[in-house]
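For reference, the structure is listed below as structure tokens.
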Amino acid sequence: MVKKKQLRLIAEMARKIRAYRALKSRPRESQKYALDYETLKRPHTGKMLPVLAWQDVRRETRLFSLLAGMRMFGVGRMFTRKSWLEEYPEPSYWQITKVKVDYTAENMDHGKAWGILSYKGKQESEAKEVDKAIYHDWRLIPKHMEQQFKEFEPLPEPPVRYVPYPPLLRAMMLAQLKKAHGSAATEEPALPSRRDVLLNKDYFREQEKAAQRKEGTPV
């Protein structure tokens, strides 16, 4: 006869209370990312900002510092970053669609924002959360320049060029194709001179999932 598991109601309630207290006591973003502009340290962690960020911290502005002083918290306006303006000739910007402000912050300069990203002249179809909003290099695009950013037409991408494989590798590939299909290959194998791989978190996550599907998961 299977012994019935005894319910420990008091222990379960205590666990929920501890989890709730830990959730309530966690620091808010306004506390976690607060910055002492004299020492350039974050009071919550005691860490100093990187030396390369000191110039931007003194001269540039964070995204929510701009949004807090605007009507409707900047919904509908376009914002870009100093690094994008310096690195890419194509326009890159965010068009804000939704803002969730942290009203507990002293100047209401913290929170979360969502928008449609246009990166290197290519606009995404869906809105998503704006990342790196705490960086000190955000700039508001003036209204008289918004149409100039929107009307940019990206240049067509050049065709991919192909080069022949080295002789030994070419012979190995032809032998492998002949073994697989039972006949000689009709097309000459060629190597593309360009390979576009986005090495971001989604890329590595998909690679891990593909490996798990191929090898199987432990039982």
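The values are calculated or read from the model by the stated rules, or taken from the named source; none is laboratory data. Being a predicted model, the structure only gives us computed values, none of them experimental. Backbone-built Cβ (ideal geometry, glycine too); neighbour counts: all protein chains shown. In case anyone asks, the SASA skips ligands and DNA or RNA and just uses the protein heavy atoms, side chains included. Shrake-Rupley method; radii C 1.70, N 1.55, O 1.52, S 1.80 Å.
For the reader, a short list of remarks on this structure follows.
To keep it simple, each residue is scored yes or no on (1) of a type in the set (S, T, N, Q); (2) at positive phi; (3) open to solvent by 90 Å² or more (accessible area, probe 1.4 Å); (4) within 25 Å of the chain's Cα centre (by Cα).
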position: Met13; (1), (2), (3), (4): no, no, yes, no
position: Ser30; (1), (2), (3), (4): yes, no, no, yes
position: Thr39; (1), (2), (3), (4): yes, no, no, no
position: Met48; (1), (2), (3), (4): no, no, yes, yes
position: Trp94; (1), (2), (3), (4): no, no, no, yes
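- Annotation note: of Trp94, Trp84, the sole residue that is assigned to a strand (DSSP E or B) and either closer than 30 Å to Arg28 by Cβ or of a type in the set (Phe, Trp, Tyr) (or both) is Trp94.
- A search for C-beta distances below 9 Å between a residue of the range 190-218 that is within 26 Å of Met172 (Cα to Cα) and any residue that is at pLDDT 80 or above and hydrophobic (A, V, I, L, M, F, W, C), counting only pairs 6+ apart in sequence or on different chains, returns Ala190/Val163; Leu191/Val163; Leu191/Leu169; Pro192/Val163; Ser193/Val163.
- Of Val130, Val99, all but one fail to be without any contact (Cβ under 8 Å) to a residue 60 or more places away in the chain, aliphatic (A, V, I, L, M) and open to solvent by less than 50 Å² (accessible area, probe 1.4 Å); the exception is Val99.
- Count - residues of the range 50-75 that are part of a loop (DSSP other than H, G, I, E, B) and open to solvent by less than 40 Å² (accessible area, probe 1.4 Å): 3
- Residue in the range 139-158 that is modelled with pLDDT of 85 or more and under 21 Å from the mean Cα position of the chain (by Cα) present: yes
- Looking across the range 6-31, the residues that are closer than 30 Å to Ile134 by Cα and among the aliphatic types (A, V, I, L, M) come down to Ala19, Ala22, Leu23.
- Inter-residue pairs, beta-carbon under 9 Å, first closer than 22 Å to Leu67 by Cβ and assigned to a loop (DSSP other than H, G, I, E, B) and in the range 142-165, second aliphatic (A, V, I, L, M) and at pLDDT below 80, 6+ apart: none
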